[in-house]
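Chemist: Dropping the structure in here first, questions after.
The values are calculated or read from the model by the stated rules, or taken from the named source; none is laboratory data. These numbers come from a predicted model, not from an experiment. Methodologically, a virtual Cβ is constructed for each residue, glycine included, from the backbone with ideal geometry; neighbour enumeration extends over all protein chains shown.
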Amino acid sequence: MVLPDDISYALSLLEQRGYKAYVVGGCVRDDLLGRQPADHDITTSAKPDDIISVFDGYHIYTSGLKHGTVSVVINGRPVEITTFRVDGNYSDHRRPDSVSFSNSVEEDLSRRDFTVNAMACGLDGVIIDPFGGQEDLKAGIIRAVGDAKTRFCEDALRMLRALRFSSRYGWSLDKDTSDAVHELKGLLHDISNERIREELCGIITGNCMQIMLEYSDVICEIIPELAPCVGFEQHTKYHDKTVYGHTVTAMCAADNSDIMRLTMLLHDIGKPDTFFMRDGVGHFYGHADVSVEKARVVLNRLKFPNAVKEKVLFLIQHHGIVMQDNPKYFRRAAAKYGEQGFFDLIQVHIYDNMGKAPEYMHEAEEFRRIEQHAKEFFAAEPALSLKNLAVSGGDMITLGYKGSDIGRALRFLLNETAEGNCENSKPALLKYLNEHFDKDM
């Protein structure tokens, strides 16, 4: 391995003092995959007090001392160095209640999650791989170290990590590991919502089609609101898939941003609640409103940032709007949703259609044409918004408007201008407002 200078220096210093020292885990895996590791963790036979002694004179952080970790700042970067250890019981299915130190790197590796992460490498370049991680890496297999049930009972989050690795790298879980994930998924209730959110985003933004379908029970364990969608037939010629099948297909068609993937994952979550049959055909009137409220619960529970929540809920709320291919509609849509919001909604329409029955997927091309025509239109004529409306809130105040009436009057003028009913000039807007706006409504 070609190691960063600070990592090589730390390994050398430890070895010079007679201790064994290796880089370990994900950095070894990524190097073998030909990827640049994001960071390098060091494991060593040196006890924490010994590590502190070896790096005497360096700035040291000891917040991880309880678990045998010392962070040493070398060349301005913190380097995490952890003593070989054996974990005690995991009463909370997340972190060990206690740790004891070991003199064996093999014993340290035996406590790790998957074989591909249970490898270490020293300065001599020799890889220590007691569990066959290199073979599994070549075969694209995620296999728990030792007994899968034991590993997942220790730390339930490892189950979602397995699915994230599968989604990210295109690997498959070996049978014992897969069976244990299905069997023990209920332990995920012991994991914090923040950690579930991080792993969920890692899963859905990867190549996740197979994972989402094969492990729908696990996904529904962390998003129970999706459970009614699984197996729910839509009874319409436009859909050859269940609600969940359509959801996954549309989501995987989307660009791999958190916002678009979350939007498509949750956009039809309200369909089962609004379903009814008429003349043998299924209908879901009002499902966008129900989907928004269910999605709001999910996003709040998983503690997504407000900016993400607002964007996702906006896109879900309006994902069913009727699109038109003409300049008047472009103006109106940009005024109502904002230019970027309008183009994002076009993308949602494209992804939604990619999840339909094959004979109707061609409708996505119609939305791509609308997108192209809208781009050409706005390149020649910038979208109208409150920011470039020729009047402002100050003008409304001068006219005697107060409170909510100020915003209501401005939005009225924006919509009327977008419809082509009024020229965007101050005299024309003020005249139109005086003649057509009802302050008492």
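Chemist: Determine, yes or no, whether Gly146 is in the same structural domain as Ser172 (by TED's automatic domain parsing), assigned to a loop (DSSP other than H, G, I, E, B) and either among the small types (Gly, Ala, Ser) or within 30 Å of Val218 (Cβ to Cβ) (or both).
Modeler: Details: in the same structural domain as Ser172 (by TED's automatic domain parsing): yes; assigned to a loop (DSSP other than H, G, I, E, B): yes; either among the small types (Gly, Ala, Ser) or within 30 Å of Val218 (Cβ to Cβ) (or both): yes.
Here the answer is yes, as Gly146 does meet what is asked.
Chemist: In region 1-48, which residues are among the charged types (D, E, K, R) and under 23 Å from Asp113 (Cβ atoms)?
Modeler: Initially, region 1-48 is screened for residues among the charged types (D, E, K, R), giving 5-6, 15, 17, 20, 29-31, 35, 39, 41, 47.
Hits for region 1-48 are Lys20, Arg29, Asp30, Asp31, Arg35, Asp39, Asp41.
Chemist: Identify the single condition in (1) under 19 Å from Gly320 (Cβ atoms); (2) charged (D, E, K, R); (3) modelled with pLDDT under 90; (4) touching an Asp or Glu at 6+ places or on another chain (Cβ under 9 Å) that Asp352 does not satisfy, given that it satisfies every other one.
Modeler: Condition not satisfied by Asp352: (3).
Chemist: Looking at Ala374, Ala390, Ala379, can you tell me which residue is outside the structural domain of Thr249 (by TED's automatic domain parsing), farther than 25 Å from His287 by Cα and buried (at least 19 other Cβ atoms within 10 Å of the Cβ)?
Modeler: Ala374
Chemist: Report yes if some residue within region 263-286 is within 30 Å of Glu416 (Cα to Cα) and either out of contact with any Asp or Glu (no Cβ under 6 Å at 6 or more places or on another chain) or surrounded by 15 or more Cβ atoms within 10 Å (Cβ to Cβ) (or both); otherwise report no. Don't jump to the end; show me each part of the working.
Modeler: Taking region 263-286 first, the residues within 30 Å of Glu416 (Cα to Cα) are 285-286.
Now narrow it down to the ones that are either out of contact with any Asp or Glu (no Cβ under 6 Å at 6 or more places or on another chain) or surrounded by 15 or more Cβ atoms within 10 Å (Cβ to Cβ) (or both): 285-286.
Looking for residues that are within 30 Å of Glu416 (Cα to Cα) and either out of contact with any Asp or Glu (no Cβ under 6 Å at 6 or more places or on another chain) or surrounded by 15 or more Cβ atoms within 10 Å (Cβ to Cβ) (or both), one finds at least one in region 263-286, hence yes.
Chemist: Residue under question is Lys402, and the condition is that it be farther than 24 Å from Pro327 by Cα and either under 43 Å from the mean Cα position of the chain (by Cα) or not assigned by TED's automatic domain parsing to the domain that holds Ala253 (or both); does it hold?
Modeler: Details: farther than 24 Å from Pro327 by Cα: yes; either under 43 Å from the mean Cα position of the chain (by Cα) or not assigned by TED's automatic domain parsing to the domain that holds Ala253 (or both): yes.
So Lys402 fits the description; yes.
Chemist: Same structure again: Cβ-Cβ below 9 Å, separation at least six or inter-chain, first residue in region 290-311 and free of Cβ contacts under 8 Å to residues at least 24 places away in the same chain, second polar (S, T, N, Q) and surrounded by 15 or more Cβ atoms within 10 Å (Cβ to Cβ): which pairs?
Modeler: Val290/Thr274
Chemist: Continuing with the same structure: Which residue is surrounded by the most Cβ atoms within 10 Å (Cβ to Cβ), if the candidates are limited to region 209-246 and must be assigned to a helix (DSSP H, G or I) and of a type in the set (S, T, N, Q)?
Modeler: The first filter runs over region 209-246 and keeps only residues assigned to a helix (DSSP H, G or I), leaving 209-214, 216-222, 224-229, 243-246.
Cutting the leftovers down to of a type in the set (S, T, N, Q) gives us 210, 216.
Numbers: Gln210: 14, Ser216: 18.
By that ranking, first place goes to Ser216.
Chemist: For Ala364, state whether it is in contact with a Phe, Trp or Tyr (Cβ under 9 Å, 6 or more places away or on another chain) and either within 23 Å of Tyr432 (Cβ to Cβ) or among the charged types (D, E, K, R) (or both). I'd like the intermediate steps shown before the answer.
Modeler: Details: in contact with a Phe, Trp or Tyr (Cβ under 9 Å, 6 or more places away or on another chain): yes; either within 23 Å of Tyr432 (Cβ to Cβ) or among the charged types (D, E, K, R) (or both): no.
No, not satisfied.
Chemist: When you go through Ile223, Ile259 one by one, which is the residue that is closer than 19 Å to Ala156 by Cβ and under 14 Å from the mean Cα position of the chain (by Cα)?
Modeler: Working: Ile259 fails: closer than 19 Å to Ala156 by Cβ.
Answer to the selection: Ile223.
Chemist: Still on this structure, I have one more. Right, Thr177: of a type outside the set (A, V, I, L, M, F, W, C) and outside the structural domain of Ile269 (by TED's automatic domain parsing) or not? Outline the logic, then answer.
Modeler: Numbers: of a type outside the set (A, V, I, L, M, F, W, C): yes; outside the structural domain of Ile269 (by TED's automatic domain parsing): yes.
Taking the combined requirement at face value, the residue satisfies it.
Chemist: Continuing with the same structure: Going through region 165-184 one residue at a time, which ones are over 19 Å from Cys153 (Cβ atoms) and among the basic types (Lys, Arg)?
Modeler: Arg168
Chemist: Please report, ordered by residue number, the helices (runs of 4 or more DSSP H) entirely within region 333-403 with at least 1 residues that are free of Cβ contacts under 8 Å to residues at least 12 places away in the same chain and under 23 Å from Gly245 (Cβ atoms). Write out each step before concluding.
Modeler: Working: elements: 339-354, 363-380, 393-398.
Filter on region 333-403 gives 363-380.
Chemist: Specify which of the listed residues (His67, His93) is outside the structural domain of Leu184 (by TED's automatic domain parsing), surrounded by 16 or more Cβ atoms within 10 Å (Cβ to Cβ) and modelled with pLDDT under 95.
Modeler: Numbers: His67 fails: surrounded by 16 or more Cβ atoms within 10 Å (Cβ to Cβ).
Answer to the check: His93.
Chemist: Please determine whether any residue of region 391-403 is touching a Leu at 6+ places or on another chain (Cβ under 6 Å) and hydrophobic (A, V, I, L, M, F, W, C).
Modeler: Our first condition is that a residue be touching a Leu at 6+ places or on another chain (Cβ under 6 Å); within region 391-403, this holds for 391.
If we keep only those that are hydrophobic (A, V, I, L, M, F, W, C) too, we end up with 391.
Yes, the conditions are met somewhere in region 391-403.
Chemist: Residue under question is Cys201, and the condition is that it be buried (at least 18 other Cβ atoms within 10 Å of the Cβ) and over 19 Å from the mean Cα position of the chain (by Cα); does it hold?
Modeler: Working: buried (at least 18 other Cβ atoms within 10 Å of the Cβ): yes; over 19 Å from the mean Cα position of the chain (by Cα): no.
It is false that Cys201 is buried (at least 18 other Cβ atoms within 10 Å of the Cβ) and over 19 Å from the mean Cα position of the chain (by Cα).
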